[in-house]
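Structure, as structure tokens:
Readers should treat all values here as calculations from the given coordinates under stated rules, not as data from a laboratory. The shown structure was predicted, so the numbers you read here are calculated from the model rather than taken from an experiment. Cβ coordinates were reconstructed from backbone atoms using ideal geometry, including for glycine residues, and neighbour counts include every protein chain displayed.
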Amino acid sequence: MDKITALIVDDEPLAREGLLRLVCQHDRFVVTQQCSDGQQALDAIETLKPDVVFLDIEMPIMNGIELAADLHQSSKHSHTPVDGQAHIPKIVFVTAFREYALDAFEFQASDYLLKPFSQARVNQCLNNLVQLIDVETKLNLQGKLDQLISRKTGESLDGFVKRLESSRYRGIADLHNVITMKSGNDYLRIPINSLLWIEAAGDYMCVHTLEGTHIIRKTLKQFEQELSGEHFTRINRSAIVNVSKISKLSPNSNGEYIAILSSGDELKVTRSYKQNLEGLSGHA
């Protein structure tokens with residue numbers, strides 16, 4: 001199982017060391033840093049992105065409640081490319097004063113450790129955190145998988161699983177009948193048998209299909225990895241062709257070849273790439 005990273009924040013060195021010893025008894029947790037004040041903790045959270053912060057409430061300059069408020073305020077104004085939210089770790093407030101419990105719940109703290117605490121109480125807190133983080137991790141992975149399946153197949157994860165279970169699914173080859181490409185803000189799902197050839201044009205790719213040409217920001221290397229080597233191959237430094245669409249392969253005067261596609265397109269096949277066509281779809 002993946003380790004759960006933790007930060008301990010307390011202005012008292014002995015308190016930090018005591019909690020460190022108790023947390024490290026659990027095999028899922030690793031303490032990546034100890035901090036003595038709120039500002040140091042904010043910097044560490046931004047850099048290390050820990051899963052959990054054990055946060056003392058009574059600290060000078062910036063106390064634990066103020067730090068928690070700062071984190072939640074930052075989450076409203078900060079955005080990341082991945083999920084649109086700033087990183088907010090699970091917070092466990094640590095204090096000797098029971099009256100702070102309501103403040104802890106206001107900031108949706110995962111738990112509240114009242115000093116002095118025992119190993120048993122800390123273990124209970126850690127086990128609850130493990131369950132909470134593991135469930136959230138599975139839900140996040142399921143959400144990402146759902147989005148990926150939706151982009152690649154146009155259906156939900158549940159719908160995709162049902163299709164796999166149905167008699168209409170004949171094997172893994174069914175998953176390669178369509179290629180998904182992003183054009184601007186749109187995702188295009190293009191049937192493989194519609195693809196004719198792909199050529200590099202600067203930082204973009206011109207994807208020629210039976211229905212027309214699409215301009216895609218991608219590399220030939222990425223297309224080579226996504227497309228089956230049995231049906232698509234490089235014919236020169238800047239082009240990939242659907243071998244099944246080649247109707248004729250003719251030599252020209254300089255020792256290179258011209259591939260004539262069923263669409264009428266004529267493509268240059270350089271000598272160094274001509275061997276890629278040997279044995280494919282009957283072309284020599």
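This ranking places Ser244, Ser250, Ser263 by how few other beta-carbon atoms lie within 10 Å of each, fewest first, which gives Ser250, Ser263, Ser244. Label-to-label distance for Gln39 and Ser247 is 7.5 nm, based on points extended 7 Å past Cα in the beta-carbon direction. Near the amide H of Phe117, within less than 5 Å, lie no amide hydrogens of residues on another chain or at least 5 residues away, with H placed in the peptide plane. In this structure, the amide hydrogen of Asp51, modeled 1.01 Å from its nitrogen in the peptide plane, lies closer than 5 angstrom to those of Thr5, Ala6, counting only residues at least 5 positions away or on a different chain. This ranking places Arg234, Arg98 by how few other beta-carbon atoms lie within 10 Å of each, fewest first, which gives Arg98, Arg234. Residue order for His208, His214, fewest other beta carbons within 10 angstrom first, comes to His214, His208. Projecting the Cα atoms of Leu129, Gly143, Leu114 onto the charge dipole of segment 4-151, computed from C-beta unit charges around the Cα centre, puts Gly143 farthest toward the positive end. For segment 177-277, the fraction of C-alpha pairs more than 15 angstrom apart is 60%.
The alpha carbon centroids of segment 229-255 and segment 188-217 are separated by 16 Å. Could you give log10 I(q)/I(0) at q = 0.17 Å⁻¹ for segment 4-151, computed by the Debye formula over C-alpha point scatterers of equal weight, without solvent? Normalising to I(0) and taking log10 leaves -0.97. Considering only Gln33, Ala69, Ile57, and ranking their Cα positions along the charge dipole of segment 26-73 that arises from unit charges at the beta-carbon of Lys, Arg, Asp and Glu, the one farthest toward the positive end is Gln33. Each of the peptides 116-126, 63-73 was scored by the mean count of other Cβ atoms within 10 Å over its residues; in descending order, highest first, they stand as 63-73, 116-126. Taking each of Lys90/Lys218; Lys3/Lys182; Lys221/Lys245; Lys182/Lys221 in turn, the alpha-carbon distance tops 26 angstrom for Lys90/Lys218; Lys3/Lys182.
Taking label positions 7 Å along the Cα-Cβ direction at both Ser194 and Glu224, the computed distance is 2.6 nm, reported to one decimal.
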